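Inspection log for the structure reproduced underneath, given as structure tokens.
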Amino acid sequence: MQIKADNGPESSGIRTQFLKRMVEFANHTGKTVHLLYYPPYHSKYNPIERCWGILEQHWNGTQLKDAETLLEWAKTMTWKGINPMVEFSHKVYEKGVTLSKKAMEAVEARLERNAALPKWDILIRPVFG
């Protein structure tokens with residue numbers, strides 16, 4: 001499974017919680033995860049950024065006064081002929097959660113970083129059992 005990410009602060013190739021969760025995901029699904037990051041300031045190549053642009057044009061001028069209005073507008077947009085699946089997440093994520101140095105070493109041991117692009121090209125193979 002290939003995941004193209006924007007290298008933002010939540011999902012960068014050095015973000016401990018994100019990398020830990022990607023390792024867990026690979027193990028859980030049994031799929032190899034290939035993380036590829038767009039270089040900084042290259043959002044024009046990122047398809048999700050183009051999708052956001054379409055959404056902004058779709059609701060241009062609309063008063064997004066509450067979450068319900070925002071969600072209903074987002075549901076009616078189309079991108080490449082497809083309507084998005086939209087739902088409100090009530091999950092609250094804890095802030096400031098970090099891994100110990102020892103725990104991060106275990107995560108790093110699972111990451112196969114490309115020698116030429118170690119921050120932008122990471123392979124995670126699943127471990128079974």
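The values are calculated or read from the model by the stated rules, or taken from the named source; none is laboratory data. Given the structure is predicted, the values throughout are model-derived calculations rather than measurements. Backbone-built Cβ (ideal geometry, glycine too); neighbour counts: all protein chains shown. Just the protein is used for accessible areas: all its heavy atoms, side chains included, with ligands, DNA and RNA removed. Shrake-Rupley method; radii C 1.70, N 1.55, O 1.52, S 1.80 Å.
For segment 49-70, the condition of being modelled with pLDDT under 85, under 14 Å from the mean Cα position of the chain (by Cα) and in a helix (DSSP H, G or I) holds for at least one residue. Just to be sure before I move on: is residue 31 within 19 Å of residue 126 (Cα to Cα), open to solvent by 70 Å² or more (accessible area, probe 1.4 Å) and in a loop (DSSP other than H, G, I, E, B) in the structure I sent? Judged against the criteria, residue 31 is a match. Hey, residue 110 hits all of (1) open to solvent by 60 Å² or more (accessible area, probe 1.4 Å); (2) among the basic types (Lys, Arg); (3) closer than 25 Å to residue 32 by Cα but one; which does it fall short on? Unmet condition: (1). Within segment 81-97, can you find the residues that are in contact with a helix residue (DSSP H, G or I) (Cβ under 9 Å, 6 or more places away or on another chain), open to solvent by 100 Å² or more (accessible area, probe 1.4 Å) and of a type outside the set (Phe, Trp, Tyr)? Matches in segment 81-97: 85, 87. Looking only at segment 34-76, residues that are open to solvent by 90 Å² or more (accessible area, probe 1.4 Å) and on the phi > 0 side of the Ramachandran plot come to 1 in all.
Run down 103, 115, 109 and say which single residue is within 25 Å of residue 1 (Cα to Cα) and touching a residue at least 60 places away in the same chain (Cβ under 8 Å). Answer to the selection: 103.
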